[in-house]
């Protein structure tokens, strides 16, 4: 009873917030709705007993990715007239993408109806657990059977990260960096000295 | 509590669970609000003592009721929403901060098994919830439609992301040692961890992790010396500049509830939570929650002490500390800890 109610609550909120992501005119509102959508997706995952994935979804997507989205979108100078002009220009492309997504959905649902793969039961019950918490189960799978794929994915991300840093990092000749160890080694004697000039005489700097 | 309700009242499991959870939430949230009021008073007193001032001493005996007087004043003020503000988000932002500050307390164990939600991924839950804290700040900064709050929001989002990374690695070290994400089990694993001492902090490999966790915790909660989001000498009051009355008070409450949570995490993850510091029978006669509260109080004193004595970091120094010092060191310790455990615990 409670499970069914919770499922429909999360599902309806998820779809509604996903719709608002597209419909809201202000990009910042879109990102905030996206966060609500992530949350409800996490709620659904908790319901099917995948609490580890749910927490990762919140930590990675809500905690890091969406913050960066928001960071960028907040700084946008929004011109609504320009946005509307872009809408008409991009309309055919949008329709094409929508059709592709629809075809994928139909294909996926059709395949699911045909019952080719038996991953989980249709009533939402997850596949049989191994009698351990799903954090341990995922870890056991990732670090044994899928070890190579896991490491390869890690390598790929590392390469992408280094690439992004190389592409965007440039040394400006005129900027002066901070050398903390040099600052800490500096003593008052290095920069100051006591002078007692005679009257009428100056101090040579 | 659920089982007891079933026994006493003959309720079905669902009804008993519902009431037990509801009561549990009240049992945590209400004392927490009281604790926040008292801890604000304590903060001001400690700060005053270090500056050789008296601090609040007018309302009630020793000024104990100062926070309640402030709360009443703020409650009676008018809520002002700037005309250029994005109204919905402007009002929602402090609510988000406050709610998130309360949410994470659901998994903190107050005694053996005395925890509202005894979930397997407790520590991940804390990490997930604490990563949400930044949204209150960012939403406020953007919705205020004003320069200083906006700068503050930019700073906040960069600062939180930076320190969350090192906090994540520090927590990984703890989880590796405990072998579980469940906070209750993490506390139990710390019993006589090093000789007769309860707590990971006595472990030479984890002690540096605790020091970094304490400092990162200050940065994560935006406490001095990392309070760049509300640096009054640069940003007026940062993201709170446009707020007044109850919405401002919600920020205050949320901020201090977050600080208390960080103190509780320090106590739970490194100082043995509800265990006494030394594994010695008479100490167990004192109930666990008293030990936990004593430890929270101790850490809060450290937080206040730092606030009163350490000057504010410059922004680039803050980023340098997060990315160039804490990140590599914590990453190194993850390798060190897992290597040590690999050799001693798992053979090979």
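The values are calculated or read from the model by the stated rules, or taken from the named source; none is laboratory data. This one's a predicted model, so the numbers in the text were calculated from it and none came from an experiment. Because the Cβ atoms are built from the backbone with ideal geometry, glycine has one as well, and the counts that use them run over all protein chains shown.
Let's see how each residue does on (1) without any contact (Cβ under 8 Å) to a residue 60 or more places away in the chain; (2) exposed (fewer than 10 other Cβ atoms within 10 Å of the Cβ); (3) part of a loop (DSSP other than H, G, I, E, B):
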position: A:145; (1), (2), (3): yes, no, yes
position: A:173; (1), (2), (3): yes, yes, yes
position: A:181; (1), (2), (3): yes, yes, no
position: A:194; (1), (2), (3): yes, yes, yes
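Restricting B:115, B:81 to those that are farther than 29 Å from residue B:42 by Cα and at pLDDT below 85 reduces the list to B:81. So which residues in the stretch B:115-128 are in contact (Cβ under 8 Å) with a residue 24 or more places away in the chain and within 8 Å of chain A (Cβ to nearest Cβ), if there are any at all? Those that are in contact (Cβ under 8 Å) with a residue 24 or more places away in the chain and within 8 Å of chain A (Cβ to nearest Cβ): B:119, B:120, B:121, B:124, B:127. If you go through the stretch B:286-301 and keep only what is surrounded by 22 or more Cβ atoms within 10 Å (Cβ to Cβ) and either closer than 15 Å to residue B:198 by Cα or in contact with a strand residue (DSSP E or B) (Cβ under 8 Å, 6 or more places away or on another chain) (or both), you end up with B:291, B:292, B:295. Residue check: residue B:217 meets all listed conditions (1) in a loop (DSSP other than H, G, I, E, B); (2) free of Cβ contacts under 8 Å to residues at least 60 places away in the same chain; (3) crowded, with 18+ Cβ neighbours inside 10 Å but one, namely (1).
The number of residues in the stretch A:161-184 being over 23 Å from residue B:325 (Cα atoms) and modelled with pLDDT of 85 or more comes to 1. Among the conditions (1) surrounded by 11 or more Cβ atoms within 10 Å (Cβ to Cβ); (2) at the interface with chain B (Cβ under 10 Å from one of its Cβ atoms), the only one that residue A:30 does not satisfy is (2).
Of all residues in the stretch A:33-40, one or more are within 14 Å of another protein chain (Cβ to nearest Cβ), farther than 30 Å from residue A:142 by Cβ and in contact with a helix residue (DSSP H, G or I) (Cβ under 8 Å, 6 or more places away or on another chain).
Scan the stretch B:6-53 for residues that are away from chain A (no Cβ under 14 Å), free of Cβ contacts under 8 Å to residues at least 12 places away in the same chain and not in a helix (DSSP H, G or I) and the total you get is 4.
Could you tell me which residue of the stretch B:141-151 is surrounded by the fewest Cβ atoms within 10 Å (Cβ to Cβ), considering only residues that are away from every other protein chain (no Cβ under 12 Å) and in a helix (DSSP H, G or I)? Restricting to residues being away from every other protein chain (no Cβ under 12 Å) and in a helix (DSSP H, G or I), the top hit is B:147.
Residue-by-condition table, conditions (1) over 23 Å from residue B:157 (Cβ atoms); (2) touching a helix residue (DSSP H, G or I) at 6+ places or on another chain (Cβ under 9 Å); (3) modelled with pLDDT of 85 or more:
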| position | (1), (2), (3) |
| --- | --- |
| A:55 | no, yes, yes |
| A:61 | no, yes, yes |
| A:78 | no, yes, no |
| A:82 | yes, no, no |
| A:95 | yes, no, yes |
| A:100 | yes, no, yes |
| A:104 | yes, no, yes |
| A:111 | yes, no, no |
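If the condition is being away from chain A (no Cβ under 14 Å) and under 16 Å from the mean Cα position of the chain (by Cα), then the stretch B:96-114 contributes B:97, B:98, B:101, B:102, B:105, B:108, B:109, B:110. Within the set B:138, B:174, the sole residue that is within 12 Å of another protein chain (Cβ to nearest Cβ) and either crowded, with 24+ Cβ neighbours inside 10 Å or part of a helix (DSSP H, G or I) (or both) turns out to be B:138. For first residues located in the stretch B:278-307 and free of Cβ contacts under 8 Å to residues at least 24 places away in the same chain, partners that are surrounded by 14 or more Cβ atoms within 10 Å (Cβ to Cβ) and lie 6+ apart or on another chain with Cβ distances below 6 Å form the pairs B:283/B:276; B:291/B:274; B:291/B:276. In the set (1) at the interface with another protein chain (Cβ under 10 Å from one of its Cβ atoms); (2) more than 29 Å from residue B:269 (Cβ to Cβ); (3) within 24 Å of the chain's Cα centre (by Cα), residue B:160 fails one condition alone, (2).
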